[in-house]
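So the structure is just underneath, and the comments pick up after that.
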Amino acid sequence: MQTKFLIFALICISLAACNNFKEKNMENNQQQAAMQSPAIKTALVNYQDGSLTMNGFVAYDSAKEGKRPVVLVVHEWWGLNEYVKGRVDQLAALGYLAMAVDMFGQGNIANDPQQAIALSTPLYENPQMAKARFDAALQKIKTFPQADTNKIAAIGYCFGGTQVLNMALMGENLSGVVSFHGGLETVAPEKDKLKAKILICHGEADSFVPASMVATFRKGLDSIGAQYIFKSYPDAQHAFTNPASTMNGKKFNLPISYNAAADTASWTEMRLFLEDLFT
């Protein structure tokens with residue numbers, strides 16, 4: 001199991017989505033969010049998991065009055081970077097109180113594969129450790145006056161997709177979770193633990209999450225009567241939501257690429273899923 005996690009992790013690292021994602025692309029995303037709602041406020045927040053300090057990122061629309069649903073965002077394997085912050089901005093523009101979760105602690109971002117293995121392997125191998133770090137973020141966002149603590153969801157990308165699925169399967173009290181091209185080797189589903197509805201956004205051409213893995217995962221959910229939606233996108237390879245993927249695929253000779261149609265479609269699916277959760 002550890003070897004599979006490390007292989008999947010190295011693939012995610014090879015994307016180098018955070019370090020190689022050009023600042024211009026992030027600026028465009030943030031400008032788009034700002035145009036949608038010029039009152040978007042952002043803040044870096046510190047919180048604790050025991051003695052470990054976590055550095056999260058929060059965004060919300062200050063022009064919106066009252067409480068609003070919460071969406072936690074779990075980063076890719078590389079760490080809480082500008083790409084994830086851009087997604088948080090987009091969620092804030094949709095009217096949510098959004099927070100990027102620091103799963104590595106102290107704002108750590110890996111600069112090479114060795115660092116990334118050291119940071120992420122413990123969380124793959126020890127889901128309870130990952131849950132403790134997620135819980136610390138959850139408790140922090142609940143302290144915001146804008147938070148509707150009865151309406152909380154989580155989304156995640158790649159590594160983060162696996163993590164939010166695990167949170168749901170481990171019984172986290174969430175309304176729903178969304179995985180974007182996440183790994184599907186998760187903790188075993190248990191009917192008495194799962195509370196959240198699930199949306200999985202998967203690329204049909206993702207050779208790192210093959211059909212056999214998908215079938216096993218879905219069989220597990222079906223066996224406990226889980227409420228889930230599985231969306232797959234034709235010709236979409238691994239990491240299809242990240243605009244840096246095509247460049248990195250060519251650079252590292254990996255079958256990964258950005259797919260604008262799948263990115264747009266999966267974001268729309270997420271938006272509709274969240275709207276349905278919170279109405």
(request) Return one quarter of the surface area of the convex hull spanned by the alpha-carbon atoms of segment 169-246, equal to its mean projected area, in nm². (result) 5.3
(request) Along Cα→Cβ, 7 Å out, is where each label goes; now give me the distance between the ones at E65 and Q106 in nm to one decimal. (result) 4.5
(request) Would you mind estimating how fast segment 87-154 diffuses translationally, via Stokes-Einstein at 37 °C and 0.692 mPa s with the Kirkwood radius over Cα pairs, in µm²/s? (result) 241
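So if I average 1/r over every pair of distinct C-alpha atoms in segment 65-185 and take the inverse, what Kirkwood radius in Å does that give?
14.3
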(request) Would you mind computing, in nm to one decimal, how far apart the modelled labels at M213 and T246 are, each placed 7 Å from Cα along Cα→Cβ? (result) 2.4
(request) Beta carbons within 10 angstrom, averaged per residue: use that to sort the peptides 142-148, 273-279, 183-189, highest first. (result) 183-189, 273-279, 142-148
(request) Compute the FRET efficiency between L272 and S51 as 1/(1 + (r/R0)^6), taking r as their Cβ-Cβ distance and R0 = 35 Å, and round to the nearest 0.05. (result) 0.30
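By the scheme Lys and Arg +1, Asp and Glu -1, what is the net charge of all other residues having a beta-carbon under 13 Å from that of P234?
-2
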(request) Any lysines with Cα under 22 Å of the K250 Cα? List them, leaving off those in the same chain fewer than 8 positions away. (result) K22, K24
(request) Please report Rg over Rh for segment 36-91, where both radii come from the alpha carbon positions and Rh follows the Kirkwood definition. (result) 1.00
(request) Excluding A98 itself, calculate the net charge of residues whose Cβ lies under 12 Å from the Cβ of A98, where each Lys or Arg counts +1 and each Asp or Glu counts -1. (result) +2
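Any chance you could run the full-extension gain for A43 through N173? It's 0.36 nm times the residue separation minus the Cα-Cα distance, nm to one decimal.
Details: separation 130, 0.36 × 130 = 46.80 nm, distance 2.50 nm.
Extending this stretch completely gives an extra 44.3 nm.
Laboratory data are not the source of any read-out in this text; all were calculated from the coordinates shown. Just so you know, these numbers come straight off a predicted model, no measurement behind them. Here the Cβ is made from the backbone with ideal geometry for all residues, glycine too, and neighbour counts use every protein chain on show.
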